[in-house]
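A single structure is presented below for examination.
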Amino acid sequence: MPRLLPALAVSALVLAGCGGGDERSGSSSAGGSDAVEVKIASFDFMPKTAKVKAGGAITWTNEDKALHNAQTDNGPKGAFNTKDLKTGDAKKLTFDEPGTYSYYCVYHRFMTGKVEVTR
Ligand SMILES: [Cu+2]
C-alpha cells in the first residue's frame, strides 16, 4: 500500500516532535524559587545549593545546637553575611544580582554551601 507511506511518515514526525525536547515546564530544578529555606543542622547546610530567582530571598534557620553563620567573601555583588545564628535563629537575605555565591560558616570552615541566583 504505497499510498499509506506519506501519512505514516508524517505521524512519525509528529510523535517525535512531541516526545523530544529538553524543556520540561514542570521541572522544579529549572530556575529558582522566590523564597528558599536553608536549614542548618548537623554541621551542614541543606540544601547545599539553594536556587533563588533574582529579587527572591533565602532564609537560613539554625536547627543545630552549635552557633553558625553563612557568609561569603566574594560574589557578583560583594559579600553577604547572615551574622551569628544561635539555635532557633533565622536570617532572611534578599538576592538581586544573578550569579553564584559560595559561602561558608566562619566557625566551621568545612561547612560550605552555594547560592545560585537566576534571572
Ligand atoms: Cu558553623
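Each reported figure results from applying straightforward, stated rules to the coordinates on display, with no laboratory input. In this text the structure is predicted, and so the values were computed from the model without any measurement. Note that we place each Cβ from the backbone using ideal geometry, even for glycine, and neighbour counts take in every protein chain shown.
Considering only the other residues whose Cβ falls under 11 Å of the Cβ of residue 115, what net charge follows from Lys and Arg at +1 and Asp and Glu at -1? All intermediate terms of the calculation are to be shown ahead of the outcome.
On the way: positive: 48, 51, 114; negative: 97, 116.
So the environment of residue 115 carries a net charge of +1.
Still on this structure, I have one more. Under 12 Å from the Cβ of residue 48, count the other residues' Cβ atoms, weight Lys and Arg +1, Asp and Glu -1, and hand me the total. Each step should come with its number before you reach the end.
Numbers: positive: 39, 51, 114; negative: 44, 116.
Surrounding charge for residue 48 is +1.
Could you give the dipole magnitude of the range 38-119 about its Cα centre, charging the beta-carbon of Lys and Arg +1 and that of Asp and Glu -1, in debye to the nearest 20? Walk me through the numbers on the way to the answer.
Working: 13 positive and 9 negative charges, 28 e Å.
The calculated dipole for the range 38-119 is roughly 140 debye.
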